[in-house]
1. Order the peptides 160-169, 186-195 from the highest to the lowest mean number of other Cβ atoms within 10 Å of their residues.
2. If you take the square roots of the eigenvalues of the alpha-carbon gyration tensor of the stretch 62-150 and sort them as a ≥ b ≥ c, do you get rounded (a/c under 1.5), prolate (a/b over b/c) or oblate?
3. Under 11 Å from a label point 7 Å along Cα→Cβ of ARG196: give me every residue in the stretch 140-155 with its amide N that close.
4. Obtain the nm distance between the two label points defined at ILE172 and LYS68 by a simple spin-label model: each point lies 7 Å from its Cα along the Cα-to-C-beta direction.
5. Stick to the Cα atoms of the stretch 52-110, pair each with every other, and give me the Kirkwood hydrodynamic radius in Å at one decimal.
6. If the stretch 67-217 were replaced by its equivalent ellipsoid, with semi-axes equal to the square roots of 5 times the Cα gyration tensor eigenvalues, what would those be, largest first, whole Å?
7. Can you give the direction-averaged projected area of the convex hull of the alpha-carbon atoms in the stretch 146-215, in nm²?
8. Evaluate 2.2 N^0.38 Å with N set to the residue count of the stretch 106-148, then give the Cα radius of gyration divided by it.
Amino acid sequence: MIITIRLVKFFSMKIYIYSIFFLLGVIQFNFAQEDIVQKDTKASFEASLLGSDFVNRTSIGLSFVVNKNWHEYFQMGVGLQTAFNRQSNSFGYDVFTPHYTSTALTFNNTAQLYSLGKFSVEANANFGWLFINLQDEDLAEYNPAFDIFQPATIARESFRMLQGGITLNYVIKQRETTAIAIFARVLKNQAFGNVRFGGADANSNFQFNIGVKLIAF
């Protein structure tokens, strides 16, 4: 029964993401407009603040994405995001002051749905891995890579993750070879995998990003 429920969730999320791209084709075909950015874009880099629930608690973090155009309306790239929260639930581990960090590595697919002047709408469909670390802020361990002491890691967990959503962009400055845009994004995160730290349901929530995008032509 549990396996059946997980399979239903997995395929439901895949159908949701594929539906976004189906709508892309319909909308782009019927409502194509003069596009000042995406059509000639070679690549883009974005940095944003994010908010989402991980381990059943609201978490704040950062996201970085690098994309490369392979079609005038489609981009592929890689993303790295990290967020953290503090809570009292240690899920049975012997921890004095629990601190959770979530890190996601994703392969990103972006498709432009609509554009008009400086405004554009994109669909996002990403897949990758989500890593949750339980740390103890009362214990410290040395990190030789950064030459700092940081909270000791007590346990780790990993999940497979899908993301699907929509991004709104607005260009605030444009030159011959570059442009700067601000954006707002909403994603639906769906985690699959292990059960520690609240399980998949505790890490499958809506995510909101707001940030800046550098576009190269």
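1. 160-169, 186-195
2. It is prolate, given that a/c is not under 1.5 and a/b is the larger ratio.
3. Under 11 Å, as judged by backbone N against the label point of ARG196, lie 154-155 of the stretch 140-155.
4. 2.9
5. 13.5
6. Values: eigenvalues 252, 65, 33 Å².
In descending order, the three semi-axes are 36, 18, 13 Å.
7. 7.8
8. 2.16
Each reported figure results from applying straightforward, stated rules to the coordinates on display, with no laboratory input. What you see is a predicted model, and the numbers here were worked out from it, not measured in a lab. Positions of Cβ are backbone-derived with ideal geometry, glycine not excepted, and every protein chain shown enters the neighbour counts.
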